[in-house]
Amino acid sequence: MKKTKFYNIHEKLGAKIVEFAGFYMPVQYSSIIAEHKAVRNSVGVFDVSHMGEVFISGEKAEEFIQHITVNDASKLTPGKVQYSAMCYNNGGIVDDLLVYKLSGNSFMLVINASNTEKDLNWMFENNSLGVKIENLSDEYSLLAVQGPNSKKTVEKICDKHLDMEYYHFFEAKVAGYDMIVSRTGYTGELGYELYFKGDEEAAEHVWNALFNAGQQFGIQPVGLGARDSLRLEMGYCLYGNDIDQTTNPLEAGLSWITKLSKSEFIGKEALLKVKQEGLKRKLTALVSDEKAFPRHGYDITYGGRKIGAITSGTVSPVLEKPIALGYIDSGFDGENSAVNFLIRGKEIPAKVVKLPFVNK
């Protein structure tokens, strides 16, 4: 098991530590609900240093990115970020990821921690273009600063104004350290992600600078628990729950990043076939007015028969209602359609709604 460079800080703060994606990570500090609301109402900081950073460079770097990802990387210019995914030949998802265009021939891919080794192997296997693939995940620390007061907090210790558009980035000094600063995130709130190199001393310096800057806003550290409930309120997919090698981007609601009109990419033929034949199931948003806790793996039913399964579920701290994502058979996924969560043998009424669960 690995430790991020903020591990000692998490321990000092009394965080509940769990094993996650090969790392010891904080799941919560105070309570998941308090941390969730801190991000929705003001500002919170996540240690997401477990994420992988892979650098792609060379004359054919863009061509390689185009070949292994489903989105259109030719639309990127230096300073822009793109949400994308990699697929197997059968259309199943290898991983979802962020693509940063650093320069004409240089990209940074930010991948899920649990998939780092698998993703790298997939890239090397499909590197017929001779690009340079460097895994620098262990060298980088990553903090996500999220919430309505994130800009005011980070700007206090940044040498540039944070007047950048969503899914853009630049290089700047934050708390005296060189960083890649991007306006991205996994919460639906205004937020920034800070990528930097350095030892535990550097990490502690940056952490303390952020918390001093955000003190007036009641800044809080946030663990994996609230990270999950925040992303679920927005309907953002989590690899391993909502998407994996058995799901394709079209049924997962990711057709908006799947550019079937671009030239050949891995999985294109399979995805064209899926589109032509029509979706047999669809990742769907569900909400209930009952007192219940929908969990991953629970059945979704209609008329006493199974029509799908929950992939992610919780009780929304904002709505104070059970919410869930799940794959439902086509024909049952229309907005306001009545279905049920099957929880311990009991059918709990629910209905299909549009995403996001919480409007921002």
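The values are calculated or read from the model by the stated rules, or taken from the named source; none is laboratory data. All values reported here derive from a predicted model rather than from experimental measurement. Note: ideal-geometry Cβ built from the backbone for every residue, glycine included; neighbour counts use all protein chains shown.
This table checks each residue for (1) surrounded by 15 or more Cβ atoms within 10 Å (Cβ to Cβ); (2) among the basic types (Lys, Arg); (3) touching a residue at least 40 places away in the same chain (Cβ under 8 Å).
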{"site": "SER229", "(1), (2), (3)": "yes, no, yes"}
{"site": "ALA252", "(1), (2), (3)": "yes, no, yes"}
{"site": "LYS280", "(1), (2), (3)": "no, yes, yes"}
{"site": "ALA309", "(1), (2), (3)": "yes, no, no"}
Positions within the range 274-319 being under 25 Å from SER229 (Cα atoms) and among the β-branched types (Val, Ile, Thr), in sequence order: THR284, VAL287, ILE300, THR301, ILE307, ILE310, THR311, THR314, VAL315, VAL318
When both residues are 6+ apart or on different chains and their Cβ atoms are under 8 Å apart, which pairs have a first residue that lies in the range 51-62 and is basic (Lys, Arg), and a second that is assigned to a loop (DSSP other than H, G, I, E, B)? LYS60/LEU129; LYS60/GLY130; LYS60/VAL131
Kindly indicate whether ILE266 is of a type in the set (Val, Ile, Thr), part of a strand (DSSP E or B) and more than 16 Å from the chain's Cα centre (by Cα). no
Name the residues in the range 86-119 that are among the acidic types (Asp, Glu) and either surrounded by fewer than 19 Cβ atoms within 10 Å (Cβ to Cβ) or closer than 20 Å to GLU134 by Cβ (or both), would you? ASP95, GLU117, ASP119
If we scan the range 153-176, do we find a residue that is closer than 20 Å to TYR29 by Cα and among the aromatic types (Phe, Trp, Tyr)? no
By residue number, the members of the range 208-227 that are in a helix (DSSP H, G or I), aliphatic (A, V, I, L, M) and in contact (Cβ under 8 Å) with a residue 60 or more places away in the chain are LEU210, ALA213, LEU224, ALA226
Report, by residue number, each residue of the range 88-128 that is of a type outside the set (A, V, I, L, M) and in contact with a Leu (Cβ under 7 Å, 6 or more places away or on another chain). GLY91, LYS101
VAL274 vs. criteria over 22 Å from the mean Cα position of the chain (by Cα), surrounded by 16 or more Cβ atoms within 10 Å (Cβ to Cβ) and assigned by TED's automatic domain parsing to the domain that holds LEU76: yes
If I filter the range 26-36 for residues that are within 14 Å of LEU224 (Cβ to Cβ) and in contact with a Phe, Trp or Tyr (Cβ under 6 Å, 6 or more places away or on another chain), do I get at least one hit? no
Considering only the range 29-56, state which residues are surrounded by 22 or more Cβ atoms within 10 Å (Cβ to Cβ) and of a type in the set (S, T, N, Q). SER49
